[in-house]
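> A single structure is presented below for examination.
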Amino acid sequence: MIESFRHRGLKELFETGKSARVRPDLQRRAIRRLDALEAADMLDALRQPGFDFHPLNTRPQRYSMHVNGPWCITFEWNNGRALRVDLEQYH
């Protein structure tokens, strides 16, 4: 379940299905990943083909799912909830 967002456009995309703050070429793939994140009750549920799900070396611990090119959805995880969900280029 998604509890909070860092990226306003990603929140808008999740809630309404569209956002001028997220590039159009990223929206469909981002929605698919957000839907999976919302439905996940365990991190292993995010290990799906094409997501390239992996932990990042950060404190606090964050995780990443590949969207397209250098763009990834990153988030923290606590007790089955995704926190501070963001869309970023971290490479």
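> Looking at the range 15-26, is at least one residue touching a residue at least 60 places away in the same chain (Cβ under 8 Å), over 14 Å from Tyr90 (Cα atoms), surrounded by 11 or more Cβ atoms within 10 Å (Cβ to Cβ) and in contact with a strand residue (DSSP E or B) (Cβ under 8 Å, 6 or more places away or on another chain)?
yes
> Looking only at the range 1-42, count every residue that is assigned to a loop (DSSP other than H, G, I, E, B), polar (S, T, N, Q) and more than 12 Å from the chain's Cα centre (by Cα) and tell me the total.
1
> With Ala82, Ala39, Ala30 as the choices, which residue is out of contact with any strand residue (DSSP E or B) (no Cβ under 6 Å at 6 or more places or on another chain) and either surrounded by 12 or more Cβ atoms within 10 Å (Cβ to Cβ) or at pLDDT 95 or above (or both)?
Ala39
> What about Val67, is it part of a strand (DSSP E or B), at negative phi, surrounded by 13 or more Cβ atoms within 10 Å (Cβ to Cβ) and touching a residue at least 24 places away in the same chain (Cβ under 8 Å)?
Answer is yes for this residue.
The values are calculated or read from the model by the stated rules, or taken from the named source; none is laboratory data. This structure is a prediction, so every number in the text was calculated from the model and none was measured. As a convention, Cβ positions derive from the backbone with ideal geometry for all residues, glycine included, and neighbour counts pool all protein chains shown.
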